[in-house]
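**Student:** Here you go, one structure.
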Amino acid sequence: MTAAVSAPATRKKTPAVRTFRDALRHPVKGKLFVLAAIAVVLVPVGIALGGGDWPSALHVDISGPLDDVNRWVIDNRDSHPLFLYFLLHLSNTATDAVGGVYDLLHAMGWLGVFALGVLVAWRAAGLGRGGAKVAGTAFGAFALCGLLGMWDATLLTIALMVVAVLLAALLGVLIGLAAGLSDRVDRALRPVLDTMQVLPAFAYLLPFVLVFGTGTPAALFCTVIYAAPPMARLTALGLRGADPSVLEASTSLGTSPWQRLRTARLPLARRQMLLGLNQTIMMALSMVVIAALVGAGGLGEEVYSALSTVDVGKALTAGIPIVLIAIWLDRTTAAAGDRVGGGAPGNGPLHGRAGWALVGAGVAVAVCARFLIGGAWPEAWTFDISTPVNKAQGWITEHFSSGIPVLGGTEAWSENFTLWILNPLRDGLVWLPWWSVLLIVAALAWLVGSWATALTATLAMSAIGVLGVWTKSLDTLSQVLAALFVTLVLGVFAGVVSARMGRLERWLRPVLDAMQTMPQFVYLIPVVALFGVTRASAIIAAVVYALPAVVRITAQGLREVDPAAMEAARSLGASTRQQLFQVQLPLARPALQLAVNQGVVLVLAVVVVGALVGGGALGYDVVKGLSRGEMGLGMTAGLAIVCLGLVLDRVTQPAARKRP
């Protein structure tokens with residue numbers, strides 16, 4: 001007798017149920033279902049709360065207290081112990097340090113400074129053909145600074161740069177050592193450094209002006225804080241990336257932690273530290289130029305005063321030396337970094353200490369020559385290009401601003417861009433109920449990241465409303481979105497073409513290199529010459545500034561697509577278009593997301609600075625607060641810019657962080 005055993009009946013899932021469950025498990029579709037459910041609940045609540053602008057009952061006016069703090073600082077700057085025994089010493093030390101370096105450069109005479117810049121570039125780049133090329137770049141940069149009549153302004157900018165870079169590098173190395181040797185410190189510092197590196201330069205100016213007032217100390221300290229993060233981050237990266245076998249060998253020899261740091265970790269991290277120094281120098285130059293708004297002087301002040309009077313000729317006269325100095329510093333430090341770890345050093349008689357001795361001797365001879373030819377740059381060797389540039393700008397304005405058949409002209413393009421894109425986008429954002437903007441921000445941040453990302457972005461957006469600058473912030477946001485859209489369209493297209501055409505990529509590379517070294521301020525000059533002082537001008541400058549990074553990241557991402565995947569697509573008979581849209585672009589998605597992240601950060605930085613050429617919105621409040629001493633107004637706008645930067649970064653950065 002056998003017992004009949006029946007298998008338990010299984011309930012077959014219908015295809016619809018399986019599809020729904022699969023969709024819920026999908027990382028994006030699942031979130032969309034949850035967001036839709038949340039929207040069903042929250043949207044009626046939001047409608048009940050009302051729409052339109054941020055509720056006035058939720059405003060917190062901080063401009064009044066900030067103005068009170070500013071007045072207290074001004075009244076007590078010469079009498080309160082905090083200033084007498086601490087801040088005043090810092091301020092005087094900063095002023096003396098910059099003044100001392102400027103006096104030293106001035107005492108060396110123009111030929112001594114010229115020889116110092118050229119010979120150091122030559123020695124740092126390796127004495128060979130590469131060294132001669134970098135030295136030639138330095139020669140051309142210093143020669144044009146003098147020929148354009150900007151020698152003294154250049155010396156003041158270099159003096160401020162020298163002190164700022166030394167302090168920023170020292171601060172960055174100390175922070176990098178702490179982060180590189182301690183996991184706990186690294187975890188604590190990482191979000192701080194991430195946030196500091198996405199904030200626009202404008203946001204750094206106001207706190208230091210509030211404490212130190214306008215002048216050299218505020219310019220110096222905000223430059224140091226702005227430029228230190230790359231040095232800290234890359235120092236920590238170099239220390240953490242040290243070869244474990246080398247460290248193990250060092251430990252097996254009985255070395256102490258200090259000996260391992262000095263003899264193994266730091267030498268192995270030299271390449272990353274030099275790269276960090278390069279980034280610190282470039283960021284310091286960018287901030288030193290912008291710090292002209294707070295009385296830094298030098299070339300930035302020349303550009304700022306010229307832009308304020310729409311004198312394109314004078315602005316270009318000061319802008320060209322800024323670009324040349326940036327290229328000189330970038331090429332010199334990059335060449336020095338490339339030599340580290342690039343093989344055995346040369347063994348010729350001019351290498352090593354002998355080379356540096358030769359540099360010192362050459363500089364000493366040049367300094368002594370000042371007693372024969374004088375210390376100041378010869379007045380007869382200067383050329384005024386502002387007049388012909390202004391005439392050329394007038395001719396361009398007359399012939400290209402309007403009346404061009406079919407194309408219209410720059411004025412028509414600017415007006416149409418403002419009328420058909422900027423204004424509708426701004427009005428659309430302002431029209432949206434405030435709670436819907438928060439929901440959209442939270443949804444976007446959660447889709448690309450985590451709930452923590454969504455919470456951070458939503459709180460930052462809410463803080464903008466609480467500060468009482470909701471409408472101006474949406475105006476700035478509309479400019480950022482418009483500029484980002486144009487940047488991505490042009491940048492991704494150029495990146496795709498560069499990745500597919502090697503010859504074009506080789507031609508573009510030096511252009512992109514030069515564009516990426518230029519400070520943000522410089523981009524405003526040609527834009528004002530072509531398009532005048534308008535909101536569109538700031539956006540065009542932002543597009544040009546952000547374009548090189550987007551092009552490079554896109555091209556690099558496409559080139560790094562697995563060749564096996566491309567070969568498989570070709571073997572299946574995929575056309576060029578199918579390979580691009582169905583294989584390359586999907587596989588390069590992390591790089592494209594990084595391009596969006598970098599593009600939005602760079603665009604925001606220039607859109608804010610674009611207040612100087614008609615951008616308005618939050619940037620205008622910062623400039624107005626700085627120029628008229630209305631610190632409450634300026635600080636409120638500065639805080640809103642910080643919050644807006646956090647929002648824009650958080651909705652893109654989590655995807656970028658997944659990139660190895």
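**Student:** Can you give the relative contact order of the chain as a percent, counting alpha carbon pairs under 8 Å and 6+ residues apart?
**Tutor:** Details: 920 pairs, mean separation 124.3, N = 660.
Contact order relative to length: 19 percent.
**Student:** Sorted by accessible area (1.4 Å probe), largest first, how do VAL522, VAL162 line up?
**Tutor:** Values: VAL522 15, VAL162 60 Å².
Largest accessible area first, the list is VAL162, VAL522.
**Student:** Would you work out the Kirkwood radius for segment 416-498? I mean one over the mean of 1/r across all pairs of different Cα atoms, in Å. Provide the component values of the computation, followed by the final result.
**Tutor:** On the way: mean 1/r = 0.0705 Å⁻¹.
Result for segment 416-498 stands at 14.2 Å.
**Student:** Can you pull the one-decimal nm distance between simple spin-label points at SER56 and LEU174, each 7 Å off the Cα toward Cβ?
**Tutor:** 4.9
**Student:** While we're looking at this one, here's another question. So what are the radius of gyration and Dmax for the Cα set of segment 85-236, in Å?
**Tutor:** 18.2, 53
**Student:** Could you work out the per residue convex hull volume over the alpha carbons of segment 410-452, in cubic angstrom? Please report the intermediate quantities before stating the final value.
**Tutor:** On the way: hull volume 3.7 nm³, N = 43.
Output value, Cα hull per residue: 86 Å³.
**Student:** Still on this structure: So for the pair ARG190, GLN556, with labels modelled 7 Å out along Cα→Cβ, what separation do we get in nm?
**Tutor:** Label at ARG190, label at GLN556, 2.0 nm between them.
**Student:** For THR309 and ASP103, what is the calculated FRET efficiency with R₀ set at 45 Å and r taken between the beta-carbons, to the nearest 0.05? Spell out each step's value before the answer.
**Tutor:** On the way: r = 31 Å, r/R0 = 0.68.
Step by step, r from the Cβ atoms, then E = 0.90.
**Student:** In terms of the Cα gyration tensor, with a ≥ b ≥ c the square roots of its eigenvalues, is segment 109-166 rounded because a/c is under 1.5, prolate because a/b exceeds b/c, or oblate?
**Tutor:** Working: a/c = 2.41, a/b = 1.43, b/c = 1.69.
Oblate, since a/c reaches 1.5 and b/c is not below a/b.
**Student:** Over all alpha-carbon pairs of segment 354-410, lay out the pair-distance distribution in 5 Å bins, whole %, shortest bin first.
**Tutor:** 4, 14, 10, 10, 9, 8, 7, 7, 7, 8, 7, 7, 2
**Student:** What ranking do 173-183, 544-554 get when scored by the average of other Cβ atoms within 10 Å per residue, highest first? Walk me through the numbers on the way to the answer.
**Tutor:** Details: 173-183: 19.3, 544-554: 24.5.
In decreasing order of mean packing, 173-183, 544-554 become 544-554, 173-183.
**Student:** If you don't mind, there's one more thing I want to ask. Treating the Cα atoms of segment 269-322 as identical point scatterers in vacuum, please give the log10 of the normalised Debye intensity I(q)/I(0) at q = 0.14, 0.19 Å⁻¹, two decimals.
**Tutor:** Log-scaled intensity ratios, in q order: -0.44, -0.64.
**Student:** Okay, moving on. How big is D for segment 346-504, in µm² s⁻¹ as a whole number, if Stokes-Einstein is applied with the Kirkwood radius of its Cα pairs at 4 °C and 1.567 mPa s? It would help to have the intermediate numbers written out before the result.
**Tutor:** Working: Rh = 22.8 Å.
Answer from the Stokes-Einstein relation: 57 µm²/s.
**Student:** Arrange the residues PHE83, PHE212 by how much accessible surface each exposes, largest first, with a 1.4 angstrom probe. Don't jump to the answer; show the numbers that get you there.
**Tutor:** Numbers: PHE83 10, PHE212 35 Å².
Largest to smallest exposure gives the sequence PHE212, PHE83.
**Student:** Using square roots of five times the C-alpha gyration tensor eigenvalues, list the equivalent-ellipsoid semi-axes of segment 159-286 in whole Å, biggest first.
**Tutor:** Values: eigenvalues 204, 40, 26 Å².
Result for segment 159-286: semi-axes of 32, 14, 11 Å.
**Student:** Where the centre of each part is set by its Cα atoms, how far does segment 93-116 sit from segment 391-447, in angstrom?
**Tutor:** 45
**Student:** Which value does Rg/Rh take for segment 51-92 over its C-alpha atoms, Rh per Kirkwood?
**Tutor:** Details: Rg = 17.1 Å, Rh = 12.8 Å.
My calculation of the ratio gives 1.34.
**Student:** Rounded to two decimals, what is the ratio between the C-alpha radius of gyration of segment 528-647 and 2.2 N^0.38 Å?
**Tutor:** 1.51
**Student:** Specify the angular offset, from 0 to 90 degrees and rounded to the nearest 10, of the alpha carbon long axis of helix 434-448 from the longest principal axis of the alpha carbons in the chain.
**Tutor:** For helix 434-448, the angle is close to 90 degrees.
**Student:** Angle, helix 470-500 long axis vs. longest principal axis of the chain, Cα atoms, 0 to 90°, nearest 10?
**Tutor:** Tilt relative to the chain: about 90 degrees.
**Student:** How large is the accessible surface per residue of segment 453-542, computed with a 1.4 Å probe and reported in Å² as a whole number?
**Tutor:** On the way: 3420 Å² over 90 residues.
Ligands and nucleic acids excluded, the result is 38 Å² per residue.
**Student:** Continuing with the same structure: Could you give the distance between the Cα centres of segment 128-155 and segment 487-559, to the whole Å?
**Tutor:** Comparing the Cα centres of segment 128-155 and segment 487-559, I get a distance of 25 Å.
**Student:** Give me the accessible area of THR157, 1.4 Å probe, in Å² rounded to the nearest 10.
**Tutor:** Taking all protein chains as shown, THR157 has close to 10 Å².
**Student:** Here is a further query. Using a 1.4 Å probe and counting only protein heavy atoms, arrange LEU167, LEU307, LEU447 so the residue with the most accessible area comes first. Spell out each step's value before the answer.
**Tutor:** On the way: LEU167 70, LEU307 15, LEU447 50 Å².
The most accessible residue leads, giving LEU167, LEU447, LEU307.
**Student:** On the accessible surface of segment 354-415, probed at 1.4 Å, how many percent belong to carbon and sulfur atoms? Don't jump to the answer; show the numbers that get you there.
**Tutor:** Values: 2880 of 4070 Å².
The computed percentage sits at 71.
**Student:** Carbon and sulfur together cover what percent of the accessible area of segment 188-244 at a 1.4 Å probe radius?
**Tutor:** On the way: 1190 of 1750 Å².
Its accessible area is 68 percent carbon and sulfur atoms.
**Student:** Considering Cα pairs under 8 angstrom that are at least six residues apart, work out the relative contact order of segment 162-240 and quote it in whole percent.
**Tutor:** Details: 78 pairs, mean separation 44.3, N = 79.
56 percent.
**Student:** Sticking with this structure for a sec: Go ahead and estimate [θ] at 222 nm for the chain from helices alone: -39,500 (n - 2.57) per DSSP H run with n ≥ 4, summed, over the residue count, rounded to 500.
**Tutor:** Numbers: 30 runs with 493 residues, N = 660.
Roughly -25000 deg cm²/dmol at 222 nm, from the helical runs in the chain.
**Student:** Report ASP562's accessible area, 1.4 Å probe, all protein chains in place, as a number in Å² to the nearest 10.
**Tutor:** Ignoring ligands and nucleic acids, ASP562 comes out at about 90 Å².
**Student:** Another question about this same structure. Could you quote the convex hull projected area for the chain, Cα atoms only and averaged over all directions, in nm²? Before the final figure, lay out each step's value.
**Tutor:** On the way: hull surface 180.3 nm².
Mean orientational projected area (the chain, Cα hull): 45.1 nm².
**Student:** Expressed in nm to one decimal, what extension gain is obtained for the pair LEU455 and ASP427 from 0.36 nm per residue of sequence separation less their Cα-Cα distance? Working shown, then result.
**Tutor:** On the way: separation 28, 0.36 × 28 = 10.08 nm, distance 2.62 nm.
Contour length minus the Cα-Cα distance gives 7.5 nm.
**Student:** Per residue, what accessible area does segment 557-646 have, given a 1.4 Å probe and all protein chains present, in Å²? Present the calculation step by step, with values, prior to reporting the outcome.
**Tutor:** Details: 3580 Å² over 90 residues.
Roughly 40 Å² per residue, with all protein chains present.
**Student:** Using 0.36 nm per residue of separation minus the Cα-Cα distance, give me the extension gain between THR576 and VAL511 in nm, one decimal.
**Tutor:** In short, 20.6 nm is gained.
**Student:** Using alpha-carbon pairs under 8 Å, 6+ residues apart, how would you state the relative contact order of segment 33-188 in percent? Let's see the in-between values first.
**Tutor:** Details: 53 pairs, mean separation 25.1, N = 156.
16 percent.
**Student:** If packing is taken as the average number of other Cβ atoms within 10 Å across a peptide's residues, how do 200-207, 507-514 rank, most packed first?
**Tutor:** Working: 200-207: 24.0, 507-514: 13.9.
Going by the mean number of other Cβ atoms within 10 Å, highest first, we get 200-207, 507-514.
**Student:** Let me ask something else about it. Compute the orientation-averaged projected area for segment 219-320 from the convex hull of its Cα atoms and round it to one decimal in nm². Numbers along the way, then the final one.
**Tutor:** Values: hull surface 31.0 nm².
Here the figure is 7.7 nm², rounded to one decimal.
**Student:** Which one of ALA538, PHE485, VAL466 is farthest out on the positive end of the charge dipole of segment 460-542, using unit charges on Cβ (Lys, Arg +1; Asp, Glu -1) and the Cα centre as origin?
**Tutor:** About the Cα centre, the residue reaching furthest to the positive side is PHE485.
**Student:** If you place +1 on the Cβ of every Lys and Arg and -1 on the Cβ of every Asp and Glu, how big does the dipole about the Cα centre of the chain come out, in debye to the nearest 20?
**Tutor:** Working: 47 positive and 35 negative charges, 632 e Å.
Computed about the Cα centre, the dipole is about 3040 debye.
**Student:** Would you mind checking the tilt of helix 15-25 against the longest principal axis of the Cα atoms of the chain, expressed as 0 to 90 degrees and rounded to 10?
**Tutor:** Long axis of 15-25 versus the principal axis of the chain: about 30 degrees.
**Student:** A further question follows. First compute the accessible area of segment 432-556 with a 1.4 Å probe, then give the percent of it belonging to carbon and sulfur atoms. Before the final figure, lay out each step's value.
**Tutor:** Details: 3610 of 4720 Å².
Carbon and sulfur atoms account for 77 percent of the accessible area of segment 432-556.
**Student:** What nm value, rounded to one decimal, do you get for the distance between LEU87 and HIS399 when each label is placed 7 Å out toward the C-beta?
**Tutor:** Modelled inter-label distance: 5.5 nm.
The values are calculated or read from the model by the stated rules, or taken from the named source; none is laboratory data. What you are looking at is a predicted structure, and each value in this text was computed from that prediction instead of being measured. Don't worry about glycine lacking a Cβ; one is built from the backbone with ideal geometry, like all the others, and counts go over all protein chains shown. All accessible areas refer to the heavy atoms of the entire protein, side chains included, with ligands and DNA or RNA removed. Shrake-Rupley method; radii C 1.70, N 1.55, O 1.52, S 1.80 Å.
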